Each structure stands twice: as C-alpha cells, then as structure tokens.
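Engineer: Have a look at the structure that comes next, please.
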Amino acid sequence: MKKKDLDDLINEVEQENRFFKNKAAFDSVRPPEHIVGRREQAKQLLQFLHASQNIIVPFVSVYGRSGSGKSTLVKFVCDNLTNISYCFVNLRNAKTIFGCANLILAELGKANLKSAQGLNFAMTQIAESIISRLNEQKKKIFVLVLDEFDMIFYDERNNPSDFVYKLVVLGESLKKKNYLMCIVGISNNVISEYALDDRVKSRIGNSEVFFPSYTQDEAFAILRTLAREAFTKPVDEDILQYCATLGSQEHGDARRVIDLLRVGAEIASSNREKLDKSHIDLASTRLQNDRIQDVLTKNSAHFSLVCGSIAYLTFVQNRDWISTSEIYDKYKAIIPSSLNPLTYRRISGILIDIKNTGLTHSKTRSSGRNGYGTQYKLLFPPEMIGVAIDKKWWQKVEELKNQENEDAGLNKDAKQLRKLLGEIRNL
Ligand SMILES: Nc1ncnc2c1ncn2[C@@H]1O[C@H](COP(=O)(O)OP(=O)(O)OP(=O)(O)O)[C@@H](O)[C@H]1O
Ligand SMILES: [Mg+2]
C-alpha cells in the first residue's frame with residue numbers, strides 16, 4: 001500500500017462518517033448527556049442515598065429488565081451527589097464470589113488476593129480501603145454499587161447469601177466507626193427473589209427502586225435526544241419512530257433501539273445513501289446475527305447444542321415457551337455420539353447462562369401438565385440460531401418440518417374425503 005492508497009482510505013472513512021457529528025454519543029459506557037425521564041426513579045434513589053441524618057439504608061435493590069436505564073441512572077445520581085464517595089463495580093465477569101470480592105478491591109485501587117487468603121480477609125481489606133478513601137475525601141458516606149449483582153447467585157459452590165451477609169455486616173462495622181455505607185445492588189430481578197437466608201433478608205430491609213421497561217414513546221424520546229447530539233443533519237422522525245417500535249417489540253430496551261439507529265446509520269453512510277427504514281431492517285438482522293455469533297463462539301459445544309434444542313422445539317412445534325425437561329430431552333437426542341451428555345443439573349446451569357446472554361427469557365411458574373419449573377422463550381428467530389450452529393443440520397430440520405406439514409395436510413385431506421363419502425352414503 002502506498003501513502004496515496006491510505007489517503008484514499010482515510011477519505012473513504014471520512015465520507016462514511018459524514019453522517020455523524022459526534023459518534024461518541026452512541027458509546028454505551030459513556031453516560032448520556034441528557035437522561036430522558038426517570039425522575040421518579042431518581043427521586044427514590046435520592047431518598048435512599050441522600051442521607052442528611054446519621055442514618056442510611058444498608059441495601060437498595062435496583063431492578064428492571066435489560067436496557068431500562070438502571071446502570072446509567074445510578075451512575076448519574078452517584079456522580080452528582082457531592083456528599084458521598086462511591087465505587088461502581090460491575091460483577092458481570094466474576095465467576096465466583098471470591099472473584100466479586102477481588103473486583104470490588106480492584107475498583108478500590110487494591111491488588112487482587114488469592115482465594116487461599118479467604119473471604120474474611122478480603123472483607124477486612126475492603127473495609128480498610130473504604131475507610132481510607134472516605135478519610136482522603138473527607139466524607140462520611142460510602143455507596144458501594146454492585147452492578148449485575150445477580151452474578152453472585154450463580155456461584156453454586158459457595159454461599160451467595162453469606163456473601164451478602166458479610167457485606168451488610170461490613171456496613172454495620174463501619175457504622176460503629178462513625179461512617180455510613182449503603183450497598184446498591186443492580187439486577188434484573190428484585191433482590192428478595194434470590195435465595196437469601198432469613199437473617200440476611202431481615203438485615204437488608206426492602207428498599208427497592210423498580211425500572212419499568214420503556215414505552216415506545218419513551219424510547220422515541222431517548223432516540224430523538226440522542227439523534228440531535230450524534231448526527232450532522234436531523235433524522236426523519238418516522239425513522240426514529242420505526243427504530244423505537246422495532247426495538248421495543250419484546251420490551252422497551254433503550255440499548256437495543258440505540259444500536260438499531262447507530263448500525264442503520266452506519267450502513268446508510270457506507271452505502272452513501274439517505275437513512276431509511278430498509279437500513280434499520282438490515283441493522284436489525286445484522287445486530288441479531290452478530291449477537292448470536294458472538295455468544296456461540298464464546299461458549300462450549302454443549303451450550304450450542306442447548307441453544308439448538310430450544311431453536312428446534314420453537315421452530316418445529318411452533319411454540320414460544322419450552323420447559324427445561326423438554327429442552328434436556330431434545331439436547332440428549334441431538335448430541336453427537338462423540339460427546340457425553342451433561343447432567344440435567346449442568347444443563348439447567350447452561351440455560352441460565354443462555355438467558356444471561358440475552359438469547360432467551362425465562363419464567364418460573366406453573367406450566368399446566370409440565371408441572372412447575374423454569375421455561376424458556378427464544379428472543380431471536382430460531383432459523384438464525386439454527387443456521388449459526390450448523391447450516392446442514394438446520395436444513396434437515398426445515399425439511400422435517402415441511403414433511404410434517406405435508407403429512408398433516410394429507411391427513412386432513414383424507415379426513416375430509418371420508419366425511420364426504422359418509423355424507424354421500426347417507427343420501
Ligand atoms: N433515560 C435514558 N435517557 C438516555 N439514554 C438512556 C436512558 N436510559 C438508557 N439509556 C441508554 O441506553 C443504554 C442502556 O442503558 P443501561 O445500560 O443503563 O441499561 P440497564 O438497565 O443497566 O441494562 P442491563 O440490565 O442490560 O445492564 C445506555 O447506552 C444508556 O446510555
Ligand atoms: Mg446495566
């Protein structure tokens with residue numbers, strides 16, 4: 001490549017980016033310049049965190065579905081409360097409870113500990129770091145935000161309830177030294193739905209802030225604010241509306257609607273076309289495919305087989321909700337002979353992992369003749385998942401379904417013929 005070629009490429013990229021005045025507006029790590037709505041939730045958070053007396057609640061459970069603005073708003077409120085010191089820890093990558101303690105220590109600027117040093121020692125280190133931080137900043141209140149807090153409950157080998165207990169006791173020990181601490185746990189479900197001992201439940205109380213999913217109007221308002229900040233020219237409102245509608249079909253997820261607009265604009269820009277709905281449709285397919293590929297390549301063959309089983313049952317039986325036992329049976333039926341099937345318990349764990357990637361939703365309630373248990377629903381078209389796992393296998397699944405439909409059609413024809421013959425005989 002010569003310098004001239006590089007200049008041409010630079011020119012091309014600049015052309016492609018000409019839509020964008022400020023692409024950083026789409027950066028999900030960076031807090032948005034304007035938070036649309038969410039006054040009610042901000043007020044509730046302030047009521048819990050803005051401690052004017054010598055008292056603060058020990059634990060606040062912030063909950064709601066994906067993309068409802070939980071992380072964004074909590075960060076925004078904490079950033080703007082000048083009397084508190086806070087630390088925001090995302091537990092997503094913690095595989096164990098000890099890993100969570102290390103993530104907290106890392107955010108507090110401390111070196112990681114070895115698990116052999118024990119959780120109690122880690123807690124003492126956390127307490128010391130908090131105190132020295134409060135002293136340095138000449139503050140009295142510490143807010144420990146634990147985002148994706150539900151991760152701790154997937155560490156089945158340890159005791160998640162005991163970890164919460166230790167954190168709350170840590171807060172109580174700080175209080176004896178005249179400091180105040182509040183833990184803010186952010187998760188998709190309210191903390192009381194997770195398995196906690198009674199002694200922990202009674203200590204953490206029930207301070208909760210619920211984030212309902214965005215309505216289409218709210219999603220539209222978020223997009224309109226963002227579009228003004230991000231693009232050089234105004235975007236047609238009906239395109240923003242289209243993103244808001246498409247992205248809120250399952251539930252109003254701000255991240256999804258924002259991604260649709262960003263990727264749609266990137267596609268239009270690189271084709272040098274005016275942004276229209278067809279680009280948003282392409283963006284939707286691309287985002288779904290990218291997501292599926294990303295999830296499948298990062299996980300094991302068993303993970304893919306479980307995804308394949310859900311896709312199979314959804315597609316062949318035209319169903320939404322599938323029970324864990326049905327998925328397990330299908331998994332055992334499609335597993336290649338070169339692999340040993342995992343136990344039911346392990347597959348239940350993988351189903352939770354799949355749900356955490358956003359490929360499925362789950363519900364745990366009575367499911368009629370299938371009894372009680374967790375059921376899963378795909379959030380992506382089954383064809384997309386099947387093809388991503390194995391194109392040839394999915395082709396066979398499609399053939400099987402067509403064959404079954406034909407057979408069902410023939411059976412129906414035969415029934416009708418028999419009925420007609422009967423009627424003729426009765427004449
Ligand atoms: N009210 C809002 N105004 C402006 N932007 C918002 C608003 N709510 C969410 N966003 C944007 O939507 C994206 C997703 O929001 P956020 O990460 O806070 O969701 P979340 O509820 O924490 O989701 P998850 O449960 O998946 O972690 C972010 O890019 C954020 O900037
Ligand atoms: Mg979040």
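The values are calculated or read from the model by the stated rules, or taken from the named source; none is laboratory data. Keep in mind the model is a prediction, meaning the values are calculated, not measured. Cβ: placed from backbone, ideal geometry, glycine included. Neighbour counts: every protein chain shown. The protein model used for the area step is the full one, side chains on, heavy atoms only, and it has no ligands, DNA or RNA in it. Shrake-Rupley method; radii C 1.70, N 1.55, O 1.52, S 1.80 Å.
Engineer: Does the stretch 327-348 contain at least one residue that is modelled with pLDDT under 90 and open to solvent by less than 30 Å² (accessible area, probe 1.4 Å)?
Structural biologist: Within the stretch 327-348, none of the residues are modelled with pLDDT under 90 and open to solvent by less than 30 Å² (accessible area, probe 1.4 Å).
Engineer: Please determine whether any residue of the stretch 90-108 is touching a Lys or Arg at 6+ places or on another chain (Cβ under 6 Å) and modelled with pLDDT of 90 or more.
Structural biologist: No: zero hits.
Engineer: Here is a follow-up. Just a yes or no: is a residue in the stretch 127-136 more than 28 Å from Asn188 (Cα to Cα) and surrounded by 17 or more Cβ atoms within 10 Å (Cβ to Cβ)?
Structural biologist: Yes.
Engineer: Still on this structure, please answer the following. Name the residue, out of Asp290, Asp236, Asp259, that is within 21 Å of Lys23 (Cα to Cα), within 16 Å of ligand 2 (Cβ to nearest atom) and not assigned by TED's automatic domain parsing to the domain that holds Gln375. Let's see the steps before the verdict.
Structural biologist: On the way: Asp290 fails: within 16 Å of ligand 2 (Cβ to nearest atom); Asp236 fails: within 16 Å of ligand 2 (Cβ to nearest atom).
Among Asp290, Asp236, Asp259, only Asp259 is within 21 Å of Lys23 (Cα to Cα), within 16 Å of ligand 2 (Cβ to nearest atom) and not assigned by TED's automatic domain parsing to the domain that holds Gln375.
Engineer: When you check Ser115 against the structure, is it farther than 26 Å from Ser28 by Cβ and either of a type in the set (S, T, N, Q) or open to solvent by less than 60 Å² (accessible area, probe 1.4 Å) (or both), yes or no? Write out each step before concluding.
Structural biologist: On the way: farther than 26 Å from Ser28 by Cβ: yes; either of a type in the set (S, T, N, Q) or open to solvent by less than 60 Å² (accessible area, probe 1.4 Å) (or both): yes.
Yes; evaluated as a whole, the condition is true for this residue.
Results for (1) surrounded by 19 or more Cβ atoms within 10 Å (Cβ to Cβ); (2) more than 16 Å from ligand 2 (Cβ to nearest atom); (3) not basic (Lys, Arg), shown as yes or no for each residue.
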position	(1), (2), (3)
Ser28	no, no, yes
Glu33	no, yes, yes
Val36	no, yes, yes
Gln44	no, yes, yes
Phe48	yes, yes, yes
Ala51	no, yes, yes
Asn54	no, yes, yes
Val57	no, yes, yes
Tyr63	yes, no, yes
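Engineer: So Leu282 ticks every box in (1) in contact (Cβ under 8 Å) with a residue 40 or more places away in the chain; (2) assigned by TED's automatic domain parsing to the domain that holds Pro234; (3) closer than 15 Å to Met384 by Cα but one. Which box is left unticked?
Structural biologist: For Leu282, the failing item is (1).
Engineer: A follow-up question, please. Please specify each residue of the stretch 140-153 satisfying the condition of being away from ligand 1 (no atom under 16 Å from the Cβ) and either among the hydrophobic types (A, V, I, L, M, F, W, C) or open to solvent by less than 10 Å² (accessible area, probe 1.4 Å) (or both).
Structural biologist: First pass over the stretch 140-153, keeping only residues away from ligand 1 (no atom under 16 Å from the Cβ): 140-144.
Matches in the stretch 140-153: Ile141, Phe142, Val143, Leu144.
Engineer: To continue, here is another question. Within 16 Å of ligand 1 (Cβ to nearest atom) and either over 26 Å from the mean Cα position of the chain (by Cα) or among the acidic types (Asp, Glu) (or both): is that true of Glu156 in this structure?
Structural biologist: No, not satisfied.
Engineer: Just one of (1) over 26 Å from Phe231 (Cβ atoms); (2) at pLDDT below 95 trips up Arg262, so point out which.
Structural biologist: Only one criterion is unmet by Arg262, namely (1).
Engineer: Let me ask you something else. I'd like to know if the stretch 276-291 contains one or more residues that are in contact with a strand residue (DSSP E or B) (Cβ under 8 Å, 6 or more places away or on another chain) and either open to solvent by less than 20 Å² (accessible area, probe 1.4 Å) or within 16 Å of ligand 1 (Cβ to nearest atom) (or both).
Structural biologist: The answer is no, given that none of the residues of the stretch 276-291 is in contact with a strand residue (DSSP E or B) (Cβ under 8 Å, 6 or more places away or on another chain) and either open to solvent by less than 20 Å² (accessible area, probe 1.4 Å) or within 16 Å of ligand 1 (Cβ to nearest atom) (or both).
Engineer: Now for a different question. For the stretch 267-301: of the residues being among the hydrophobic types (A, V, I, L, M, F, W, C) and under 14 Å from Arg256 (Cβ atoms), which is nearest to the chain's Cα centre (by Cα)?
Structural biologist: The selected residue is Leu287.
Engineer: Got a sec? Which of Val190, Val200, Val169, Val164 is modelled with pLDDT of 90 or more, under 26 Å from Lys363 (Cβ atoms) and either of a type in the set (Val, Ile, Thr) or open to solvent by 70 Å² or more (accessible area, probe 1.4 Å) (or both)?
Structural biologist: Val164
Engineer: Of all residues in the stretch 172-187, how many are open to solvent by 30 Å² or more (accessible area, probe 1.4 Å) and of a type outside the set (Gly, Ala, Ser)?
Structural biologist: 6
Engineer: Output the number of the condition that Leu81 fails; it satisfies all remaining conditions of (1) buried (at least 16 other Cβ atoms within 10 Å of the Cβ); (2) aliphatic (A, V, I, L, M); (3) under 20 Å from the mean Cα position of the chain (by Cα).
Structural biologist: Only one criterion is unmet by Leu81, namely (3).
Engineer: Can we say Gly205 is touching a residue at least 40 places away in the same chain (Cβ under 8 Å), within 16 Å of ligand 2 (Cβ to nearest atom), over 30 Å from Lys274 (Cβ atoms) and of a type in the set (Gly, Ala, Ser)? Even if it seems obvious, please write down each step before you answer.
Structural biologist: On the way: touching a residue at least 40 places away in the same chain (Cβ under 8 Å): yes; within 16 Å of ligand 2 (Cβ to nearest atom): no; over 30 Å from Lys274 (Cβ atoms): yes; of a type in the set (Gly, Ala, Ser): yes.
Considered against the rule, which asks whether it is touching a residue at least 40 places away in the same chain (Cβ under 8 Å), within 16 Å of ligand 2 (Cβ to nearest atom), over 30 Å from Lys274 (Cβ atoms) and of a type in the set (Gly, Ala, Ser), Gly205 comes out as no.
Engineer: Could I ask something else about it? For the stretch 14-132, list the helices (runs of 4 or more DSSP H) that sit wholly inside it and hold at least 1 residues that are in contact with a strand residue (DSSP E or B) (Cβ under 7 Å, 6 or more places away or on another chain) and within 13 Å of ligand 1 (Cβ to nearest atom); which are they?
Structural biologist: 39-49, 70-80
Engineer: Of these, Ser85, Ser28, Ser68, Ser115, which one is in contact with a Ser or Thr (Cβ under 7 Å, 6 or more places away or on another chain) and either of a type in the set (S, T, N, Q) or not assigned by TED's automatic domain parsing to the domain that holds Glu250 (or both)?
Structural biologist: Ser68
Engineer: Looking only at the stretch 90-108, filter to residues that are within 18 Å of the chain's Cα centre (by Cα) and either acidic (Asp, Glu) or surrounded by fewer than 20 Cβ atoms within 10 Å (Cβ to Cβ) (or both); which one of those is farthest from ligand 2 (Cβ to nearest atom)?
Structural biologist: Result: Lys95.
Engineer: Among the helices (runs of 4 or more DSSP H) contained in the stretch 261-368, which hold 1 or more residues that are over 28 Å from Glu156 (Cβ atoms)? Reasoning before the result, please.
Structural biologist: Details: elements: 277-298, 301-316, 324-334, 344-357.
Per the criteria, 277-298, 301-316.
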